[in-house]
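Chemist: I am attaching a structure below and will ask some questions about it afterwards.
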């Protein structure tokens, strides 16, 4: 299936997605009938506090949940015109290899192989059939694209030898390897220092723009959403309570829960009047 | 004026570290000559990136680690010269609250025994009084009904409740200073506000001082009387007005790195985006330790290490050559285009 042929319609459409997880003897209704869509090249934020089901939703969308934990998994997940909830595993693997979607996680150390050099891990995710020199070339390009200037050095390192920000960038490079149409970033900057968080945020913004790649950012931080996203879904207890354009959401939140989240976030946050240089263009 | 409750004089702490791909160990100066006075009842905050030495400094002040150089003074007396009773007083008056409440509470002890242990250790009460004291303290940190919470194990509490127990354990000794190392960062945002409110309330009621270590500048701003900014083991700026009127370029970059929960401002503001991170690059030798990342660097920064001096108008101490009236043009004009992040321009129009 070529990308051009199917480049019509929405990139991702989720209808009535319900995910109930088995936790011990209990069943948790983690996602409870969620409708959501992502347009091509759009940046969408999914916001909620811990326990709101946002991560489970993201994983369910990409079929990353282990079947043994699932008590119920129903609804429709249509990615680029194909229903992927019921797709056989082999077809799903093929889709992943072709670079339809990738995911970046909060804790990069948990998702990088500790026994393998960073470069080798990225090489593994590249499309097969490349010559060794081309693979090396591509790995370095990806690392540079993710904002690691000393790409040669980083490619030879093991994950534990990198700082937190560099690890997150290595994970982003890995996610970019199959040239995805959608990158799902689950709390991509939460474990990072504020200054590094800003760097990673700028990198995501640049990648989103340069590659015309759709981006779904899952976070509890409304600041991150305000900086990055076009459209926002607010989740609470497994349900989407509000969905709006980012400017509308912050100007006039409809749901009281959204209003409360914004208020908590703005309390003590930098006020526009305190920093005149910030008001330059509006 | 009375002696500060806790002071640091020329504190130095080093760790051996190995660079990836190299066999030889080298010394990292986590704390590199810090002088600091903490007065009674004051709410002081230390901010900085990870690797700036804030936690190492806290551990030295708590006497959880021995400094390589310099001394910590408790009420004007060096820690290693305290008499037995003075040392007991130090251990009682200076308390700690840590980042991860689950790890700082014994998982096999009920809340009652966790707090009871402290009471026995310091002989605060006996018999019936023990339980009464525990109940009163749990009530003071908002854990009610106290009888029920006493019977719980740490894993039966939420993160916010665990942190409340940790605060109760510190408060039970009626301390004069609580050193809190990132007490908020493992908690949800709504819980963070509650814990901050609790700290404010305890301060009002008991005049206890706080040394708050945090990377969350918004939280710091809402509680601290005085702010100290650390970078690579040194204090680079200190004062009451630091967050409202930052003078040091590093402080400004830290403030600029905050995400603004307003899309209109977030997408149009100009800001300093620092390259690399403090932990990964080796510190430059000689001169100012911030110069490799500083967008305002001039030639004098390469050769002379700026000392912490009071800045002309504001009541702050700043370690920077380029602060107003010292050397070179003011800090409106960056000396290199590095103010722009290498990824995108700083001014981002609405897209």
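Chemist: Checking the conditions here, which among B:164, B:269 is in contact with a helix residue (DSSP H, G or I) (Cβ under 8 Å, 6 or more places away or on another chain), more than 24 Å from residue B:90 (Cβ to Cβ) and not in a helix (DSSP H, G or I)?
Modeler: Values: B:164 fails: not in a helix (DSSP H, G or I).
Answer to the check: B:269.
Chemist: For residues that are buried (at least 19 other Cβ atoms within 10 Å of the Cβ) and within 8 Å of chain B (Cβ to nearest Cβ), scanning just the range A:146-163, find the one that is nearest to residue B:50 (Cα to Cα).
Modeler: Restricting to residues being buried (at least 19 other Cβ atoms within 10 Å of the Cβ) and within 8 Å of chain B (Cβ to nearest Cβ), the top hit is A:163.
Chemist: May I pose another question? Being in a helix (DSSP H, G or I), within 14 Å of chain A (Cβ to nearest Cβ), within 29 Å of residue B:121 (Cβ to Cβ) and in contact with a strand residue (DSSP E or B) (Cβ under 8 Å, 6 or more places away or on another chain) is the filter here, so list the residues in the range B:167-222 that pass it.
Modeler: B:199
Chemist: Condition first: without any contact (Cβ under 8 Å) to a residue 12 or more places away in the chain and closer than 25 Å to residue A:170 by Cα. Can you find one or more residues in the range A:31-46 that meet it?
Modeler: So the first thing to find is which residues in the range A:31-46 are without any contact (Cβ under 8 Å) to a residue 12 or more places away in the chain, and the list is none.
For the range A:31-46, residues without any contact (Cβ under 8 Å) to a residue 12 or more places away in the chain and closer than 25 Å to residue A:170 by Cα: absent.
Chemist: If you don't mind, another one. I'm trying to understand the selection: among the residues of the range A:77-91, which are closer than 19 Å to residue A:179 by Cβ and buried (at least 17 other Cβ atoms within 10 Å of the Cβ)?
Modeler: Matches in the range A:77-91: A:79, A:80, A:84.
Chemist: Here is a further query. With the condition being farther than 25 Å from residue A:113 by Cβ, I'd like the strands (runs of 3 or more DSSP E) fully within the range A:167-255 carrying at least 2 qualifying residues.
Modeler: Values: elements: A:182-186, A:214-219, A:231-236, A:239-245.
So the answer is A:214-219, A:231-236, A:239-245.
Chemist: Applying the selection to the range B:173-206, what residues are under 16 Å from the mean Cα position of the chain (by Cα) and surrounded by fewer than 19 Cβ atoms within 10 Å (Cβ to Cβ)?
Modeler: Scanning the range B:173-206 gives B:185, B:186.
Chemist: Using the structure shown, decide if residue A:173 is touching a strand residue (DSSP E or B) at 6+ places or on another chain (Cβ under 9 Å) and away from chain B (no Cβ under 11 Å).
Modeler: On the way: touching a strand residue (DSSP E or B) at 6+ places or on another chain (Cβ under 9 Å): no; away from chain B (no Cβ under 11 Å): yes.
So residue A:173 fails the test.
So that you can scan it fast, the table gives a plain yes or no per residue for (1) under 23 Å from the mean Cα position of the chain (by Cα); (2) within 28 Å of residue B:249 (Cβ to Cβ):
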| site | (1), (2) |
| --- | --- |
| B:29 | yes, yes |
| B:44 | yes, yes |
| B:91 | yes, no |
| B:108 | no, no |
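Chemist: Considering only the range B:262-292, state which residues are surrounded by 22 or more Cβ atoms within 10 Å (Cβ to Cβ), modelled with pLDDT of 85 or more and within 13 Å of another protein chain (Cβ to nearest Cβ).
Modeler: Residues satisfying the conditions are B:262, B:263, B:290.
Chemist: Looking at this structure, is residue A:225 touching a strand residue (DSSP E or B) at 6+ places or on another chain (Cβ under 6 Å), within 10 Å of chain B (Cβ to nearest Cβ) and in contact (Cβ under 8 Å) with a residue 60 or more places away in the chain?
Modeler: Numbers: touching a strand residue (DSSP E or B) at 6+ places or on another chain (Cβ under 6 Å): yes; within 10 Å of chain B (Cβ to nearest Cβ): yes; in contact (Cβ under 8 Å) with a residue 60 or more places away in the chain: yes.
Against the criterion (touching a strand residue (DSSP E or B) at 6+ places or on another chain (Cβ under 6 Å), within 10 Å of chain B (Cβ to nearest Cβ) and in contact (Cβ under 8 Å) with a residue 60 or more places away in the chain), residue A:225 qualifies.
The values are calculated or read from the model by the stated rules, or taken from the named source; none is laboratory data. Since the structure is predicted, the reported quantities are computational estimates derived from the model, not experimental observations. Every residue, glycine as well, gets a Cβ built from its backbone with ideal geometry; the counts of neighbours run over all protein chains shown.
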